[in-house]
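The next block holds one structure in the form of structure tokens; read it before the comments.
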């Protein structure tokens, strides 16, 4: 894990030193803000012209911003399976403009113009107490504008009072205690604006990933109790066309051990890989397609040779060798943090041990 | 096929181990040559670097992104997304250097998607994955860009230096690509391509055209790679078989670099390029309609030109919209030189071993032209009718070493023939894409 990288610790020490320096010299701090930060942090009016520079300007949340307490105007949502991003936890909300609704037709969920998807990335100080103290790193907005979807990353400040639009990306050193009680240090990478499309890419247009029928067609807990999310949206008058759970596709939660192994593995690959590895995605070049419904063994990688994998292939010949996870390129690339080897190419700097274990088991039981 | 050959070769290989030790000079060469030293350039400030990243993100159509002289250390990717008519312009490949040594995420240093994009006069160094990738772009020009890796240890280098894929109207002109672990200039699944006046050296493969339609490759130098120029069709890709490539007026010389696509202890993996024996001039693999003429194919120690079917890889050879055979090849009027007598063919790769041991002219003899002789048996019962339409019309053929192998019965019955007459009698059908037919040369935006 990146935690042990000497560069990183150097960086962490340097930034610590720097922050100490700053805190000792309030005059300097003010001056810096005056020249660099003030323009960004100046009060901002909610003009209706997006993007705003500050997250708080949108008025999504009530009370202190860091509480992420949703206002009436936004709906919480959760995909059945979640994309792994260095163990960051996420809270997600959708804003649909007053009087507008989403239209569901078959699998297609069409969101109205003006829709804003809000995704907050945070780390609890201690994963054994996920509701406890936490640090929010970034909030990504996807706004459905007339010209199509746009992605805007907002970086939270140290004091957690607000987040500002930062299109060039950033790095944040994050410390937490994991679910095993081990201290972890992660060099969290905030993507630059255009990197968002490395994943959110459908035929070279930006597109939502989690807010799709198959990812939302399941029960979650709302304040009023547990309910299918799409049914809930119907009830709120924010959706039409939902004909009940079985009438539409749905994915399982790959973490749910009571589900069939194949369903869990395919759900995992779908949410973590298929945004690129599908006919409409940027990794269509590879011929490796990892969408949930993929039935063609060759397209799934079974005895498929790589194309442009370069050193990503390691010592291996095929993407998947049934029964031999450790001879399969797919697992090799999931199980690496080396640039040029690690998949997905962005969004993680650490290995998702649970995901690797799931895919290993899946390949090993293949015949 | 290759698997079966493999076993008989195993024994012979051990016999040959002794000679390998003696003949160290038969091993691949190495190169860490740099065209210039970027370490003396002015370091761009972090603000300048951020401004550059922002310039890519906020670029407006029909604008120029100027990148003044300096060494830019980037920690994030430069991505130009869905823009039209953008010119990305440095101050010269030895003046403006984009270094991705500290990149922490992303598959390539620079990524371009759009229409009518030109990138020129700069260098790209040390990207962990690919140097520059253009995808889904109609009209992409790379001009006078240099893409390289500066690691002494080349095992850390990235995959492709210049990498247009799923593009149309691709022009690569006066570029330099070096030290990539796969192909320096790699054009994949694209249409209407010109690669000209460029230099590829120190790569595993110099220039590779893969699953492409209508490519003109001329006036280039491919030297000191493991393989000089490759034309491949791989199975199972969205774009099936590519057709029509012309390779002419190129210098394809001294391509004797070791194949560092994998470490020596590991040997080949599933990447086809890992199987390329050092000492390969031109390699055709499952290629269709290729014309190769007026090239200088000099001092490539294993062979000048290899005409091969996909079966030699030993990988599954069935896929939709694709055939494993190499067909409709015209090879004419090239200049050959096998190099000095002590330059021995490769022994590190199966194809090298096949040449070294089984060629029709004697052990360890460099070949000018080899043909694996694998044909589609549904079309003909023997190769005598030249069913794959391989046309070889070299004026100097009498002085050349030509080998046609017979591999269709596997390891027990490998044979080789030096008779070229079968492949001379055919009339080469010109590949028929005159330069003037390529829209890439006529676009007004270049």
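The values are calculated or read from the model by the stated rules, or taken from the named source; none is laboratory data. For clarity, every value in this text was computed on a predicted model and none was experimentally measured. Cβ atoms come from the backbone with ideal geometry, glycine included; neighbour counts cover every protein chain shown.
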_residue B:112 vs. criteria away from chain A (no Cβ under 12 Å) and either in contact with a helix residue (DSSP H, G or I) (Cβ under 6 Å, 6 or more places away or on another chain) or assigned to a strand (DSSP E or B) (or both)_ = no
*Could you figure out which of (1) in contact (Cβ under 8 Å) with a residue 60 or more places away in the chain; (2) within 27 Å of residue A:282 (Cα to Cα) isn't true of residue B:152?*
(2)
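Of all residues in the range B:374-403, count the ones that are assigned to a loop (DSSP other than H, G, I, E, B), within 24 Å of residue B:324 (Cβ to Cβ) and in contact (Cβ under 8 Å) with a residue 40 or more places away in the chain. Step through it out loud before you land on a result.
Pass one, the range B:374-403, residues assigned to a loop (DSSP other than H, G, I, E, B): B:374-382, B:386-389, B:394-396, B:400-401.
Going one step further and asking which of them are within 24 Å of residue B:324 (Cβ to Cβ), we end up with B:374-382, B:386-389.
If we keep only those that are in contact (Cβ under 8 Å) with a residue 40 or more places away in the chain too, we end up with B:374-376, B:386, B:388-389.
Count: 6.
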*Matching residues in the range B:355-365 - criterion: being touching a strand residue (DSSP E or B) at 6+ places or on another chain (Cβ under 7 Å) and either under 27 Å from residue B:265 (Cα atoms) or crowded, with 24+ Cβ neighbours inside 10 Å (or both)*: B:355, B:358, B:359
*Would you check which residues across the range B:38-65 are assigned to a helix (DSSP H, G or I), away from chain A (no Cβ under 13 Å) and more than 30 Å from the chain's Cα centre (by Cα) and list them?*
B:40
*Specify the residue that is farthest from residue A:285 (Cα to Cα); the eligible residues are those in the range A:173-201 that are within 12 Å of chain B (Cβ to nearest Cβ) and without any contact (Cβ under 8 Å) to a residue 60 or more places away in the chain.*
A:190
*Could you list, in sequence order, the residues of the range B:82-102 that are assigned to a strand (DSSP E or B) and either at pLDDT 95 or above or closer than 19 Å to residue B:146 by Cβ (or both)?*
B:83, B:84, B:85, B:86, B:87, B:88, B:89, B:90, B:96, B:97, B:98, B:99
*Looking at (1) in contact with a strand residue (DSSP E or B) (Cβ under 6 Å, 6 or more places away or on another chain); (2) surrounded by fewer than 20 Cβ atoms within 10 Å (Cβ to Cβ); (3) in contact (Cβ under 8 Å) with a residue 40 or more places away in the chain, which is the only condition residue A:170 fails?*
(3)
*asked:* Looking for something within 13 Å of another protein chain (Cβ to nearest Cβ), crowded, with 18+ Cβ neighbours inside 10 Å, in a loop (DSSP other than H, G, I, E, B) and under 27 Å from the mean Cα position of the chain (by Cα) - is there at least one such residue anywhere in the range B:66-77?
replied: yes
_Quick check on my filter: what residues within the range B:274-290 are assigned to a strand (DSSP E or B) and either more than 13 Å from residue B:309 (Cα to Cα) or out of contact with any helix residue (DSSP H, G or I) (no Cβ under 9 Å at 6 or more places or on another chain) (or both)?_
B:280, B:281, B:282, B:284, B:288, B:289, B:290
*Residue list for the range B:177-193, restricted to those being within 12 Å of another protein chain (Cβ to nearest Cβ) and assigned to a loop (DSSP other than H, G, I, E, B)*: B:180, B:181, B:182, B:189, B:190
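Give A:357, A:325 a once-over and let me know the one that is more than 14 Å from chain B (Cβ to nearest Cβ) and surrounded by fewer than 17 Cβ atoms within 10 Å (Cβ to Cβ). If you could, list the steps in order and put the result at the bottom.
Details: A:325 fails: surrounded by fewer than 17 Cβ atoms within 10 Å (Cβ to Cβ).
Of A:357, A:325, the one residue that is more than 14 Å from chain B (Cβ to nearest Cβ) and surrounded by fewer than 17 Cβ atoms within 10 Å (Cβ to Cβ) is A:357.
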_Qualifying positions in the range B:81-102 - more than 26 Å from the chain's Cα centre (by Cα) and within 10 Å of chain A (Cβ to nearest Cβ)_ = B:81, B:82, B:102
*For residue A:348: the one exception among (1) touching a helix residue (DSSP H, G or I) at 6+ places or on another chain (Cβ under 8 Å); (2) crowded, with 19+ Cβ neighbours inside 10 Å*: (1)
*residue A:338: part of a helix (DSSP H, G or I) and either out of contact with any strand residue (DSSP E or B) (no Cβ under 9 Å at 6 or more places or on another chain) or facing chain B (nearest Cβ under 9 Å) (or both), yes or no?*
no
*Can you tell me which residue within the range B:118-176, out of those that are assigned to a strand (DSSP E or B) and on the phi > 0 side of the Ramachandran plot, is farthest from the other protein chains (Cβ to nearest Cβ)?*
B:144
*Residue within the range B:333-347 that is within 14 Å of chain A (Cβ to nearest Cβ), modelled with pLDDT of 95 or more, more than 20 Å from residue B:221 (Cβ to Cβ) and not in a strand (DSSP E or B) present*: no
*Just wondering, is there one or more residues in the range B:199-212 that are within 11 Å of the chain's Cα centre (by Cα), away from every other protein chain (no Cβ under 13 Å) and touching a residue at least 60 places away in the same chain (Cβ under 8 Å)?*
yes
